[in-house]
Amino acid sequence: MMKKIMIMVLLMSASLSAGLIEDGITQARKGNNTEALKLFEKSCNETKTAQGCYYSAQAYAKGTVVPKDTMRAFEYYEKSCDLSYTDGCMVVGSAYYYGRGTKQDYAKAEKILGQACEEGDANGCFLVGSMHDLGQGVVRDTKKALSYYTKACNYGSKKACEYQRQMSAN
């Protein structure tokens, strides 16, 4: 009986999350961006929906709905990444990799971009491959670099395919 109750609670929670996102998108399409943001933030903060966190981050990053707030945007991108939203991980990982909006931190970049890579993001794989290829924040390891370039190539990165061919030829 308890198992059935737990399943019903989970299903209701998932339905609520999806409903908030759908309602937010509908409001945005109608031009009610402030209401859309409220729904996305509620989705993120109350039901822990990664997509809601990402859309909230976008609003604060662009500054079209609310005043631009890069720190708040970064917090929402981090939340989306913590909830395994690959696009959010790419924003956060890239920020650490390049030192944009935050202190450059290759260790954090490698971890987060590696997570994006494991989720199938070609750019995440390429950047981790570059880190290993160049020894950025890690011990230079061309075998690991080649492995990441191969993944990135398999996920559709033409640049990674070029790097992979060059490394394999040497």
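The values are calculated or read from the model by the stated rules, or taken from the named source; none is laboratory data. The model shown is predicted, which means the values in this text are computed figures rather than measured ones. Cβ placement follows ideal geometry from the backbone for every residue including glycine, while neighbour counts extend to all protein chains displayed. Just so you know, the surface numbers come from the protein's heavy atoms only, side chains and all, with ligands and any DNA or RNA stripped out. Shrake-Rupley method; radii C 1.70, N 1.55, O 1.52, S 1.80 Å.
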Failed item in (1) open to solvent by 70 Å² or more (accessible area, probe 1.4 Å); (2) over 25 Å from Ala36 (Cβ atoms); (3) not basic (Lys, Arg), with Tyr96 passing the rest: (1)
When residues of the range 125-170 are limited to those that are in contact with a Leu (Cβ under 8 Å, 6 or more places away or on another chain) and more than 20 Å from Lys111 (Cβ to Cβ), the one modelled with the lowest pLDDT: Ser168
Of all residues making up the range 48-65, the number that are open to solvent by less than 30 Å² (accessible area, probe 1.4 Å) and β-branched (Val, Ile, Thr): 1
Residue match in the range 110-127 (condition: touching a helix residue (DSSP H, G or I) at 6+ places or on another chain (Cβ under 8 Å), in contact (Cβ under 8 Å) with a residue 24 or more places away in the chain and within 30 Å of Gly31 (Cα to Cα)): no
The range 119-137 - residue that is assigned to a helix (DSSP H, G or I) and open to solvent by 30 Å² or more (accessible area, probe 1.4 Å) and, of those, nearest to Gly88 (Cα to Cα): Asn123
Restricting the range 79-93 to residues that are within 8 Å of the chain's Cα centre (by Cα) and open to solvent by 60 Å² or more (accessible area, probe 1.4 Å), the residue that is modelled with the lowest pLDDT: Ser84
Unique match (being surrounded by fewer than 17 Cβ atoms within 10 Å (Cβ to Cβ) and modelled with pLDDT under 95) among Gly31, Gly24: Gly31
The range 99-109, residues that are surrounded by fewer than 23 Cβ atoms within 10 Å (Cβ to Cβ) and within 15 Å of His132 (Cα to Cα): Asp105, Tyr106, Ala107, Lys108
Residue within the range 138-151 that is closer than 29 Å to Thr49 by Cβ and either in a helix (DSSP H, G or I) or not small (Gly, Ala, Ser) (or both) present: yes
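From Gln104, Gln58, Gln51, grab the single residue that is free of Cβ contacts under 8 Å to residues at least 60 places away in the same chain, farther than 22 Å from Leu20 by Cβ and polar (S, T, N, Q).
Gln104
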